[in-house]
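The next block holds one structure in the form of structure tokens; read it before the comments.
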Amino acid sequence: MGAGAVVSPLLLGGCSAHPLPGEGKVSRTPTYCDMCFWKCAAFVEQENGQAWKVTGNDTDLHSEGRLCTRGTGGLGSYEDRDRLKKPLLRVTGADGRQTFREVSWEEALDFVAKRLQSIAADYGPDRTALLNHGSGANHFKHLMRAYGSGSNAEPAFAQCRGPRDVGFELTFGEGLGSPERTDMEHSRCIVLIGSHIGENLHNGQVQTLAAAMRRDATLITVDPRFSVPAGKSKYWLPIEPGTDIALLLAWMHVLIDENLYDKDYIERYATGFDQLAEHVARYSPEWVYLETGIEPRLIRTTAREMAASAPATLVHPGRHTVWYGDDTQRSRAIAILNALLGSWGHKGGLYIKESVQLPKYPLPDYPKPKTTFRTAHGDRYPFANEGVSNALIEASIGPDAHYKGWLVYGTNLPMTIPGIRPQLKAAMDSLELVVVVDTMPMEITGYADVVLPECTYLERYDDLRNAGERHPSLALRMPAFEPRFDSKPGWWIAKQLGQRLGLDKYFPWEDYAEVIDWQLKQVGSSLEEMKKTGIKNFPRTRPRYFSPGQAVHFYTPSGKIELYSQQLADKGFDPMPEYTRPEQPPEGFYRLNYGRMPAHTFGKTTNNPLLFQLAPENTLWVNPLVANEKGLTNGEYVRLANPDGIVSNRIRVRVTERIRPDSVFMAHGFGHRSRRLHLTHEVGADDSELMTNVKVDPLMGGTGMRGNFVTIVKETV
Ligand SMILES: Nc1nc2c(c(=O)[nH]1)N[C@H]1C(S)=C(S)[C@@H](COP(=O)(O)OP(=O)(O)OC[C@H]3O[C@@H](n4cnc5c(=O)[nH]c(N)nc54)[C@H](O)[C@@H]3O)O[C@H]1N2
Ligand SMILES: Nc1nc2c(c(=O)[nH]1)N[C@H]1C(S)=C(S)[C@@H](COP(=O)(O)OP(=O)(O)OC[C@H]3O[C@@H](n4cnc5c(=O)[nH]c(N)nc54)[C@H](O)[C@@H]3O)O[C@H]1N2
Ligand code: SF4
Ligand SMILES: [Mo]
């Protein structure tokens, strides 16, 4: 499709459906943004009842009243013509071909409830799993737990932050959460390992990083690619891909060897220092140089810079941490380095989070499920404290499969889990029921028996935002518009299913607004107040940092920061991070590097008419040496092929020095195969499709995605 050929109706200011603003009555409705998972508070502004714009809520300390491109583009998700409009039921035609038939909500919900009941009768309610992502999933988590299922998994764990959170839990007894507890606004030195903040546009992080840079904080970026933050750094360390653990161990080596670590902090709070010192003795900067390509002098200088600013030094834990399959260990190395610098619990490092003590709406206890997601893990992944999506999918294949039914909410599994398509297809053939709740006709809807169209976040109530962070606050999401077409809010869908399953006592409300109002009244506010303000800020009840010499109990088995992990040793894993050399690309292949672009969130916004207009397709970053050798010019289309014979959709070349000659780079989220996405169908290439070589983290089941290689195939016109 010609990417430039489509003009979004929303951008045609002045057309009859969208009068020019400034003449009529303006109203505003509070929400918090759902264009990504950062949840910035916002107002939806309307003029004479017509959608006008989305603006930041100035009283929101989490976003400082600012929205990113995607947040302001939120109206596009409401306006999108390709939205799911009615419930769909899979039917087999006379010719044996399967299609979807539009049905009423009654018919769709009755069908789902009946199948769920028959699965429960034959096998038990615990044999239906929820695969979910996003804040709206809470309604379905509630439904499934009330029903007696204990199995859910979200790609935010095994495809994203799982290794990081497990690595930090093993070390400090706590994870990072979302938003991360990074105190960048006060940092004097920030180390970014991969984290490409600026392209990764989590609002608060961009702002606090910018604040630190205005104060001349030292920025050290470790990235094989010349990323946006690399360009703003005092030190850019263009590391050999996949060798980060070696660098982290060398930094520890220098801190210990030169007595630069925080002795007082380590003595007071940590255990296993002697083992660590012995362990890292081998990792001299000279040896590590051979692996990482980072010169010994630079390793020492950067370690000294970190120590000079400590404890206001943050070695950023990252977020998308599923790289090479040894990711929990890399994250542990990052955690240990932060411990040596004394930054956990200190200003400019990692702060203590606090959320609002918001009572839960009174409901009966959930039944105890017979099995949980751990059944799907078996004896694998002993440190996975959440469901591993791949494991749940695998446990849904074949006649003896554990799971017989799926509810999929807000996650586009075929593009989200690399290498999973054959298993998804097999699971679909075995499962007795696959229900997909989505807003758009994404690829996952093609795997469903029933598709339930949810309205967008701009048309519904969801739970109050109440994340642990710097400043405790509540934010309201309420409908700015009536649901378009025949779409419905998630809370309504969950309640309707609940009623049909005999679970009325878990859904005693007529409207979810009642739950929110009740909760708000318990903390001295009300829905009425929040409808005006959108945000309520609360004072902190405990300090954000440790006080000097404070006794601290960490939630690890020893009650201390565990530099040496007995938990890991007991389960047969390395108690301290070890480095192993990553696989190298075979002759003629390039390493497939990928990441974010500012204008989009994964694949969920690429069909959004406003954001499509800004960034219609992804590009393939290619080094000039490669471009010369292959005779590639800027802007020409190529395809990528992987060693398993998978060929990508076409993608435009961008020739740039910012990528190494042995790698190529693209943003994730493009190359949609669903024909019902009219703007973005087959525009750009999909990294997931090419990732057939996945390295699974044995500790927690993470999907390591970075060890994939591709060749460039010239497009013959
Ligand atoms: N605009 C936008 N922002 C987003 C999102 C989005 O979809 N769109 N998604 C959000 C989410 S859920 C997440 S998880 C985060 C992800 O964002 P991050 O956590 O920042 O992602 P990473 O994958 O850790 O980082 C990608 C960077 O790692 C570099 N890299 C590749 N290989 C290596 C290596 O071997 N070593 C090192 N040191 N670096 C390497 C790449 O060149 C790239 O610059 O972004 C969040 N922010
Ligand atoms: N190859 C590759 N795979 C990756 C990544 C990568 O960089 N490369 N990144 C990984 C990371 S960090 C993450 S966090 C995951 C993200 O994984 P996902 O969350 O699955 O990301 P999306 O592909 O954006 O899919 C979101 C789905 O939710 C639907 N949706 C959007 N809004 C709503 C709503 O209001 N209600 C409902 N019911 N549905 C809605 C969208 O239409 C879409 O189908 O992907 C991971 N997978
Ligand atoms: S960072 Fe951007 S997309 Fe994410 S919640 Fe905030 S405004 Fe929305
Ligand atoms: Mo993520």
Please determine, by comparing only the residues of the range 98-116 that are touching a residue at least 60 places away in the same chain (Cβ under 8 Å) and among the small types (Gly, Ala, Ser), which one is surrounded by the fewest Cβ atoms within 10 Å (Cβ to Cβ). Ala113
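Quick grid of which residues meet (1) within 14 Å of ligand 2 (Cβ to nearest atom); (2) in contact with a strand residue (DSSP E or B) (Cβ under 6 Å, 6 or more places away or on another chain):
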residue: Asp122; (1), (2): no, no
residue: Ala137; (1), (2): yes, yes
residue: Leu143; (1), (2): yes, no
residue: Ala156; (1), (2): yes, no
residue: His186; (1), (2): no, no
Failed item in (1) under 24 Å from Pro616 (Cα atoms); (2) touching a residue at least 60 places away in the same chain (Cβ under 8 Å); (3) buried (at least 16 other Cβ atoms within 10 Å of the Cβ), with Thr128 passing the rest: (1)
Do we find a residue being acidic (Asp, Glu), open to solvent by 40 Å² or more (accessible area, probe 1.4 Å) and away from ligand 1 (no atom under 15 Å from the Cβ) anywhere in the range 667-683? yes
State the number of residues belonging to the range 601-615 that are open to solvent by 10 Å² or more (accessible area, probe 1.4 Å), within 14 Å of ligand 3 (Cβ to nearest atom), in contact (Cβ under 8 Å) with a residue 40 or more places away in the chain and not charged (D, E, K, R). 3
Elements of type strands (runs of 3 or more DSSP E) contained in the range 183-252, each with 1 or more residues being of a type in the set (Phe, Trp, Tyr) and under 26 Å from Trp621 (Cβ atoms): 235-237
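A quick yes/no check of all residues on (1) away from ligand 1 (no atom under 15 Å from the Cβ); (2) not assigned by TED's automatic domain parsing to the domain that holds Ser331:
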position	(1), (2)
Ala120	yes, yes
Asn132	no, yes
Ala137	no, yes
Leu143	yes, yes
Ala146	yes, yes
Pro163	no, yes
Phe168	no, yes
Gly177	no, no
Ser195	no, no
Out of Leu407, Leu358, which single residue is closer than 20 Å to Gly136 by Cβ and crowded, with 24+ Cβ neighbours inside 10 Å? Leu407
Does Asp216 fit the bill of being among the charged types (D, E, K, R), open to solvent by less than 10 Å² (accessible area, probe 1.4 Å) and more than 16 Å from ligand 4 (Cβ to nearest atom)? no
Of all residues making up the range 77-97, the number that are closer than 19 Å to Met440 by Cβ and surrounded by fewer than 22 Cβ atoms within 10 Å (Cβ to Cβ): 8
Going through Ser135, Ser151, Ser195 one at a time, which residue ends up being modelled with pLDDT of 95 or more and open to solvent by 10 Å² or more (accessible area, probe 1.4 Å)? Ser195
Would you check if Asn634 is open to solvent by 30 Å² or more (accessible area, probe 1.4 Å) and either more than 13 Å from Val713 (Cα to Cα) or not assigned by TED's automatic domain parsing to the domain that holds Gly419 (or both)? yes
Could you identify the single residue in Asp80, Asp34, Asp110, Asp122 that is away from ligand 4 (no atom under 16 Å from the Cβ), touching a Ser or Thr at 6+ places or on another chain (Cβ under 9 Å) and not hydroxyl-bearing (Ser, Thr, Tyr)? Asp80
All conditions in (1) within 15 Å of ligand 4 (Cβ to nearest atom); (2) surrounded by 24 or more Cβ atoms within 10 Å (Cβ to Cβ); (3) among the hydrophobic types (A, V, I, L, M, F, W, C) are true of Leu201 except (2)
Extreme residue, least open to solvent (accessible area, probe 1.4 Å), among residues of the range 288-300 that are over 19 Å from Leu337 (Cα atoms) and in contact (Cβ under 8 Å) with a residue 24 or more places away in the chain: Glu291
The number of residues in the range 133-166 that are over 25 Å from Ser688 (Cα atoms) and within 16 Å of ligand 4 (Cβ to nearest atom) is 0
Please find, among Gly272, Gly293, Gly325, the residue that is within 25 Å of the chain's Cα centre (by Cα) and either within 16 Å of ligand 1 (Cβ to nearest atom) or closer than 30 Å to Met700 by Cα (or both). Gly325
Kindly list the number of the only condition in (1) exposed (fewer than 14 other Cβ atoms within 10 Å of the Cβ); (2) modelled with pLDDT of 95 or more that fails for Thr31. (1)
Matching residues, the range 32-57, being assigned to a loop (DSSP other than H, G, I, E, B), away from ligand 2 (no atom under 16 Å from the Cβ) and touching a Lys or Arg at 6+ places or on another chain (Cβ under 9 Å): Asn48, Gly49
If Ala303 satisfies all but one of (1) away from ligand 1 (no atom under 13 Å from the Cβ); (2) open to solvent by 10 Å² or more (accessible area, probe 1.4 Å), what's the number of the condition it fails? (2)
Does the range 426-433 include one or more residues that are in contact with a Gly (Cβ under 7 Å, 6 or more places away or on another chain), assigned to a helix (DSSP H, G or I) and either within 16 Å of ligand 3 (Cβ to nearest atom) or open to solvent by 20 Å² or more (accessible area, probe 1.4 Å) (or both)? yes
Going residue by residue through the range 222-229, is there one that turns out to be open to solvent by less than 10 Å² (accessible area, probe 1.4 Å), within 16 Å of ligand 4 (Cβ to nearest atom) and not polar (S, T, N, Q)? no
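The values are calculated or read from the model by the stated rules, or taken from the named source; none is laboratory data. All of these numbers come straight from a predicted model, not from anything done at the bench. Ideal geometry is used to build each Cβ from the backbone, glycine not excepted, and the neighbour counts take in all protein chains shown. Heavy atoms of the whole protein, side chains included, go into the accessibility calculation; ligands, DNA and RNA do not. Shrake-Rupley method; radii C 1.70, N 1.55, O 1.52, S 1.80 Å.
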